[in-house]
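Since the structure comes first, as structure tokens, the remarks are kept for the end.
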Amino acid sequence: MAAAAVDSSFDVAYWFVDRALNDGEYIQPQKLHRLMFLSQAYFAVAYHGRPLMPALFIADQFGPVEPGVFRACSIQRPPIEPIPLPEAVSQFLDSVWRRFGAQSANSLSTLVNSHPPYQDALAKGPRSEITLTSMVKFYGRKNAATEQTRGPVFEAPPLEQVVRPKIMVSQSGKPVSVKKWAPKGSG
């Protein structure tokens with residue numbers, strides 16, 4: 001497995017907490033964990049299986065959680081100095097925030113808890129691991145509409161609707177969106 005893009009899941013958690021505060025919002029712990037989970041999943045899709053953070057997500061009765069962050073932040077924010085994130089990671093997290101940040105904790109939980117990676121892990125028992133492979137398989141599929149016998153599956157938006165393209169200026173001064181080129185079948 002490729003190395004994670006950031007050193008710690010706390011750096012991602014703090015990015016979301018700080019972003020919410022900058023937007024005048026208090027982020028509930030459940031919402032934080034759903035955003036971290038979606039970030040890990042979509043980052044791995046965008047970067048061919050590379051994890052965003054060295055994190056283990058488990059299926060809690062309320063939804064996916066990263067147990068280290070959950071335990072450490074249960075009372076208050078631990079006194080850990082966050083490390084500035086690489087620009088590409090900050091831009092990626094900003095895209096996730098813009099797509100999902102306005103949703104409530106309940107709305108995000110309803111969405112994520114209906115998805116197969118969480119449901120399959122929970123079916124194995126509480127605190128079962130939600131694998132990165134299952135996240136990539138589900139969130140990276142081309143057809144977002146799925147059927148499931150355990151109830152409705154709420155659509156997960158495709159990567160292109162989550163990650164904003166990078167805008168640059170062409171030689172003529174026109175804004176153009178760009179993305180990193182990757183040959184078909186690579187990754």
Mind checking whether some residue in region 37-60 is among the charged types (D, E, K, R) and out of contact with any helix residue (DSSP H, G or I) (no Cβ under 7 Å at 6 or more places or on another chain)? yes
Lone qualifier among Ser114, Ser90 - being at pLDDT 80 or above and surrounded by 15 or more Cβ atoms within 10 Å (Cβ to Cβ): Ser114
Check whether at least one residue in region 36-55 is over 19 Å from Lys137 (Cα atoms) and of a type in the set (S, T, N, Q), and report yes or no. no
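Taking Ser109 as the residue in question, decide whether it is out of contact with any helix residue (DSSP H, G or I) (no Cβ under 8 Å at 6 or more places or on another chain), touching a residue at least 60 places away in the same chain (Cβ under 8 Å) and of a type in the set (S, T, N, Q). Please lay out each step first, then the result.
On the way: out of contact with any helix residue (DSSP H, G or I) (no Cβ under 8 Å at 6 or more places or on another chain): no; touching a residue at least 60 places away in the same chain (Cβ under 8 Å): yes; of a type in the set (S, T, N, Q): yes.
The answer is no for Ser109.
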State whether the residues of region 46-57 include one that is surrounded by 16 or more Cβ atoms within 10 Å (Cβ to Cβ), under 16 Å from the mean Cα position of the chain (by Cα) and assigned to a helix (DSSP H, G or I). yes
Region 50-70, residues that are farther than 19 Å from Leu122 by Cβ and modelled with pLDDT of 95 or more: Arg50, Pro51, Leu52, Met53, Pro54
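The values are calculated or read from the model by the stated rules, or taken from the named source; none is laboratory data. No experiment lies behind these values; they were computed from the predicted model shown. A quick note on method: Cβ atoms are made from the backbone with ideal geometry, for glycine too, and the neighbour counts reach across all protein chains shown.
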